[in-house]
């Protein structure tokens, strides 16, 4: 998919990308530019149904510069039903979460057959006003029934292109049970978030956006801790000793002149064993993964820095601006300058 770069030797004076050693998950979360969009609390009494259209209907309205929106919902009191639009709904109890990584339409409700009380246009208008800070952070919803449910709703923006392995790894919907338990990190974050949502304090908006990011990362970490039960996928690869070592090497030194021989030597495995295991778990060969990751790093540098394209090319392992530009356009469909202008 990408042409082979004219690789540079290691150069101590080359631009250093900020990485966290072998913490591949942190490296990816930072480079895909994960950012909070909105966080609010819903207090609902039955009967009620809270639904959202596909995020393409409102993403540009709530976070114009984000390529993609992820939503998650954590039940902090009571119970409900949740699922994607058109799919069977599943029960959620206190401490459970619904995560919608791919932007599908979804709903949470007091019962699987609860009717909606508003339309998609109303939902889009609500999200636009909530993201602009024009609505209270605690939303009252539903009827006059006795059963009460509270849940936190978080929305985050991120880059989906050209290369986001976390999005690849996550399914269309995740029903996570007991993701928050009394006394654990996520329960403390939830308590902090609820206190901020219910009180009017200076700086609250920035605090809530950072909390929305922290809670999502903690949910992903919980999912990662259970990825051993999944036979394949990028998150499962982070748990596999061989592929984890290779991913850590590539992410720690993305501009290094890596070859399959060097990666297999660094991982302590044969070429064939490494290639087979990497493809089995990650879904593509190591060098193809590295080429895609270099392109993602390059798009971040193009978006966030004013450095010359040649400097960015060297930073991600290309010896010339021309070779980098050809590879970049082949991978993304746009030249580096066009991408930067967008």
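With the cut-off at 1.5 for a/c, could you classify the range 128-179 from its C-alpha gyration tensor as rounded, prolate or oblate?
On the way: a/c = 3.88, a/b = 1.56, b/c = 2.50.
Because a/c hits 1.5 or more and a/b fails to exceed b/c, the range 128-179 counts as oblate.
Where a ≥ b ≥ c are the square roots of the eigenvalues of the C-alpha gyration tensor, would you call the range 33-227 rounded, which needs a/c under 1.5, or, failing that, prolate if a/b is larger than b/c, or oblate? Rounded is the answer for the range 33-227, as its axis ratio a/c remains below 1.5. Each label was represented as a point 7 Å from its Cα along the Cα-to-Cβ direction; for residue 201 and residue 326 these points are 5.7 nm apart. Remark: spin-label model distance residue 225-residue 270 equals 3.8 nm, labels positioned 7 Å along the Cα→Cβ axis.
The angle separating the long axis of helix 241-252 from the principal Cα axis of greatest extent in the chain is about 80 degrees.
Give me the Å³ per residue figure for the convex hull around the C-alpha atoms of the range 254-341. The partial results should precede the final answer.
On the way: hull volume 8.4 nm³, N = 88.
Cα-based convex hull of the range 254-341, divided per residue, equals 95 Å³.
In percent, rounded to a whole number, the relative contact order of the chain is 26, using alpha-carbon pairs under 8 Å and six or more apart.
Between residue 184 and residue 146, the simple spin-label model (points 7 angstrom out along Cα→Cβ) gives 3.2 nm. Net length available on complete extension from residue 161 to residue 120 is 12.1 nm, with 0.36 nm assigned per residue and the Cα-Cα distance removed. Entry note, the chain: the mean residue ellipticity at 222 nm calculated from DSSP H runs of n ≥ 4, each adding -39500 (n - 2.57), is -13000 deg cm²/dmol after division by the residues and rounding to the nearest 500. For the pair residue 342 and residue 192 in one chain, pulling the backbone fully straight at 0.36 nm per residue adds 50.3 nm over the alpha carbon distance. Using only the alpha-carbon atoms, how far is helix 286-304 inclined from the longest principal axis of the chain? Give it as 0 to 90 degrees, nearest 10. The answer is roughly 70 degrees. With both residues required to sit in the chain, DSSP beta bridges show an antiparallel share near 90%. Translational diffusion of the chain was estimated from the Stokes-Einstein equation, with Rh taken as the Kirkwood radius over Cα pairs; at 20 °C and 1.002 mPa s the coefficient is 99 µm²/s. Quick one: among 157, 77, 95, which has the greatest mean-square fluctuation in a GNM of the chain with alpha-carbon springs under 10 angstrom? Of the options given, 77 has the highest mean-square fluctuation. Note on 69, 242: ascending count of other Cβ atoms within 10 Å places them as 242, 69, the fewest first.
Counting 0.36 nm for each residue step from residue 334 to residue 56 and taking away their Cα separation leaves a gain of 97.9 nm. Taking Cα atoms only, the orientation of helix 185-198 departs from the longest principal axis of the chain by about 50 degrees.
Looking at the range 33-227 alone, DSSP beta bridges between its own residues are antiparallel in about 90 percent of cases. Which shape class applies to the range 132-255: rounded if a/c is under 1.5, otherwise prolate when a/b exceeds b/c and oblate if not, where a ≥ b ≥ c are the square roots of the Cα gyration tensor eigenvalues? It is prolate, given that a/c is not under 1.5 and a/b is the larger ratio.
How do 290-301, 46-57 rank on mean C-beta neighbours within 10 Å, highest first? Show your work: numbers first, answer last.
Details: 290-301: 22.7, 46-57: 19.8.
In decreasing order of mean packing, 290-301, 46-57 become 290-301, 46-57.
Readers should treat all values here as calculations from the given coordinates under stated rules, not as data from a laboratory. Only a predicted model underlies this, so the values are computations on that prediction, with no experimental measurement involved. Cβ coordinates were reconstructed from backbone atoms using ideal geometry, including for glycine residues, and neighbour counts include every protein chain displayed.
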